[in-house]
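Following: one structure in structure tokens, then a few remarks.
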Amino acid sequence: MLSKKRIVASPVFLGAVGTAAAWYLKFVWKTSRSTIDPPNIFEMVETPVIVAMWHGQHFMAPFIKPSNAEQFRAKVLISRHRDGEINAIAAEHLGIGTIRGSGAHNGEFHRKGGAAAFTEMLRAIEEGYNMAITADVPKISRIAGMGVIKLAQHSGRPIYPVAIASSRRIQLKNWDRSSINLPFGRMALVAGAPIKVPRDADSATLESTRQFLQSELNRITAQAYDTADRPRGRTP
């Protein structure tokens, strides 16, 4: 008899959960009243771009695109962990390409596929794909890593900080404060101004840009939750 551990790690189980997750996220999106700030963000953006967000706030990221989304084809960086496999299957069902790997705050960068993933992300951007990436590196929440800054530096493309929040949600008490979006609520998508990183940026410039991205993500995340939680029709 197969053990529970082997069952939940099997491709069949992961595929079923990932597919179910994709259908659930579609249901949440279609039953939510969404607002976008700024409302003309898609007209302002010159693709390809790098979309950065916090871990745990990324589940609705596949829906960050206009109705005519041909020029907004995207790929997302997803870890090689088992949970990442479920996320990858869900993303692909939602029309988002995946690149597997993740950053690290220690010597595990190469073991987690970070170096290979970085090269693949650069190639995807060169091919015209937008690249979505969570800015904080597991398992330190809300601290932006240097990976997204380096990606912008080497690709020459701007970073757009993005936050998505829903009024109906379950807030988990895990390391990344994951927010499980629920249907029939208000959904707020907030984007910050583009952040550009010069190709010849020195270490001090890279660090100050990292800190600025971190503060912007915190600012727009608070704004997204404030907008989502505000009673309908009420202005601040």
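The values are calculated or read from the model by the stated rules, or taken from the named source; none is laboratory data. Since this is a predicted model, take the numbers as computed values, not measurements. No Cβ is skipped: glycine too gets one built from the backbone with ideal geometry, and neighbour counts run over all protein chains shown.
Does ILE149 qualify as being on the phi < 0 side of the Ramachandran plot and buried (at least 21 other Cβ atoms within 10 Å of the Cβ)?
In short, yes.
Conditions (1) surrounded by fewer than 22 Cβ atoms within 10 Å (Cβ to Cβ); (2) at pLDDT below 90; (3) over 19 Å from LYS196 (Cβ atoms), marked per residue:
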residue	(1), (2), (3)
GLY107	yes, yes, yes
ALA116	yes, yes, yes
ARG123	yes, no, yes
ASN130	no, no, no
ILE133	no, no, no
HIS154	yes, no, no
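I need the helices (runs of 4 or more DSSP H) fully contained in the range 1-74, keeping only those with at least 2 residues that are closer than 22 Å to ASP176 by Cα and at pLDDT 90 or above.
11-30
With respect to ASN87, determine if the residue is out of contact with any helix residue (DSSP H, G or I) (no Cβ under 8 Å at 6 or more places or on another chain), modelled with pLDDT under 90 and either surrounded by fewer than 18 Cβ atoms within 10 Å (Cβ to Cβ) or not small (Gly, Ala, Ser) (or both).
Against the criterion (out of contact with any helix residue (DSSP H, G or I) (no Cβ under 8 Å at 6 or more places or on another chain), modelled with pLDDT under 90 and either surrounded by fewer than 18 Cβ atoms within 10 Å (Cβ to Cβ) or not small (Gly, Ala, Ser) (or both)), ASN87 does not qualify.
Residues of the range 24-34 being under 18 Å from the mean Cα position of the chain (by Cα) and β-branched (Val, Ile, Thr), which ones?
VAL28
Go through the range 118-236 and tell me which strands (runs of 3 or more DSSP E), entirely inside it, have 3 or more residues that are in contact (Cβ under 8 Å) with a residue 24 or more places away in the chain.
130-134, 159-166, 179-181, 186-191
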